[in-house]
Amino acid sequence: MFHGGGVVDHSPLPPFGAPPGAPADCGARHDVLSAFRWHRGDPGDPAELLAAFLDGNGLPVRNLGRTGDKNKTIGDGATCGAALYVSADAGCVMAGGVVGAPSPVPSIPDVYAVVYRHSDFQGDFSLSKGWSLGPWRDSWSRADHAHAVDQVRAAIARGDVYQVNVVGHASAPYTGDPGPALHRVAGLPGARYGGVLAGDGWAMATASPETLVEVRHGRVITRPIKGTRPATDAGRRELLASTKERAEHVMIVDLERNDLARLPGTGPVRVDELFAVRRWVGLWQAESVVSAPLDGDVDLAALLRAVCPGGSVTGAPKLAALAQIAALEPVGRGVSMGALGWLGHDHLDLGLSIRTVAVDGRRVHAWAGGGITIDSDPADEVAEAAAKAGPLRAALRGV
């Protein structure tokens, strides 16, 4: 046992290629040194336990502002960095919010870190032992989803919240080797954090385009995404002209500004880019860039408490939105809507685990949703969630 909670494991883990956010020059040349796991209900502060584990493995988590120092030589046999994953549930615990329904994939830890070193091994992950995907089963009907949207709109009308992100879950049985299907998900166009992370009897793949938090060259950066339309000329014009989408987006930008401003050791927060339109597969999405300089010591644990769970997948105010989410969503968010990425000697880069799927040996799981405001149309919100889930299901099927 790790002191205070969590488990440290030095056993080998299944090779699935480069984890999300790993530097391109690492390729698949990773050999596991040690892994840390924390599950919902385990004792201890997950943010501090994770930071202590990484600090003990020589990674610069106690002063992230110094991650620009590249004096370490990263050769074969040296520690090159760590893959990090923090679930939405763990983020709720870190933020002091209400934790929602249990995860449908309880075998996957809520905090997971794998420390790697470079090796000469070049894995071949293209071999398949067959793959068959069964029918999808949704955690709620379209009518139930629409009703949840109406409940959020009623909560906004009462003044309880300004915006809430509502997420649905679906799963399907499978047989065979999930590896190639997971890599198809990770390879979807626009997947800034495309990659696969695996443990004992489970794996997750992300095609996330969204930066939850990045620390590089003395700045902390977040890139919230909010606002979606089909990736057509008409869809782009509609997104740019939508008063509802822009208002929803600006609320989350303000929330992210406040999250960074509360973090000790940061200077003035600025919005570097507002409502820029980017493409993910067949969708346009609106993204902003918010950043601040690090002018003091910033600890990884404090950073995670400030930004987790991500504002674009919770709502505003964040704690009030988390209470709404816990009351509305019948199935836990599992690996979705958390943080997933890489900590190196010279940077931290965590994506928001949207557009993310998980396998547990029996079923594949996927999540999708969207932000709800007072002007949201329930039918449109249900259709938007389906549009986000569609490319994931197609990639899993291999079409």
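The values are calculated or read from the model by the stated rules, or taken from the named source; none is laboratory data. Source: prediction; values computed, not measured. Every residue, glycine as well, gets a Cβ built from its backbone with ideal geometry; the counts of neighbours run over all protein chains shown. Side chains are part of the model used for accessible areas, which takes the heavy atoms of the whole protein and leaves out ligands, DNA and RNA. Shrake-Rupley method; radii C 1.70, N 1.55, O 1.52, S 1.80 Å.
Among the candidates Gly218, Gly199, Gly190, Gly267, the residue that is in contact (Cβ under 8 Å) with a residue 60 or more places away in the chain and more than 20 Å from the chain's Cα centre (by Cα) is uniquely Gly218.
Selection of first residues in the range 137-165 that are farther than 19 Å from His365 by Cα and of second residues that are surrounded by fewer than 17 Cβ atoms within 10 Å (Cβ to Cβ), restricted to Cβ pairs under 6 Å at least 6 apart or on distinct chains, gives the following pairs, ordered by first then second residue: Arg153/Ile374; Ile156/Ile374.
Residues considered: Asp349, Asp375. Of these, the only one that is over 20 Å from Ser141 (Cβ atoms), open to solvent by 10 Å² or more (accessible area, probe 1.4 Å) and assigned to a strand (DSSP E or B) is Asp349. Once the range 88-122 is narrowed to residues that are under 20 Å from Glu256 (Cβ atoms) and in a loop (DSSP other than H, G, I, E, B), the residue that is most open to solvent (accessible area, probe 1.4 Å) is Gly96.
Among the numbered conditions (1) touching a Leu at 6+ places or on another chain (Cβ under 9 Å); (2) modelled with pLDDT of 85 or more, the only one that Thr67 does not meet is (2). Can you find even one residue in the range 297-320 that is over 28 Å from Ile156 (Cα atoms), open to solvent by 10 Å² or more (accessible area, probe 1.4 Å) and assigned to a helix (DSSP H, G or I)? So far as the range 297-320 goes, yes, one or more of its residues are over 28 Å from Ile156 (Cα atoms), open to solvent by 10 Å² or more (accessible area, probe 1.4 Å) and assigned to a helix (DSSP H, G or I). Contact annotation: residue pairs with Cβ atoms under 8 Å, 6 or more positions apart or on different chains, pairing a residue in the range 304-320 that is farther than 15 Å from Val166 by Cβ with a partner that is open to solvent by 10 Å² or more (accessible area, probe 1.4 Å) and of a type in the set (Lys, Arg), are Ala306/Arg262.
Taking the conditions exactly as written (at positive phi, β-branched (Val, Ile, Thr) and open to solvent by 20 Å² or more (accessible area, probe 1.4 Å)), does Val281 satisfy them or not? The answer is yes for Val281.
Residues considered: Ala394, Ala389, Ala326, Ala339. Of these, the only one that is of a type outside the set (Val, Ile, Thr), closer than 22 Å to Pro104 by Cα and open to solvent by less than 10 Å² (accessible area, probe 1.4 Å) is Ala339. For residues that are farther than 15 Å from Pro309 by Cα and in a helix (DSSP H, G or I), tally how many sit in the range 217-253. Going through the range 217-253 one residue at a time, the tally reaches 18.
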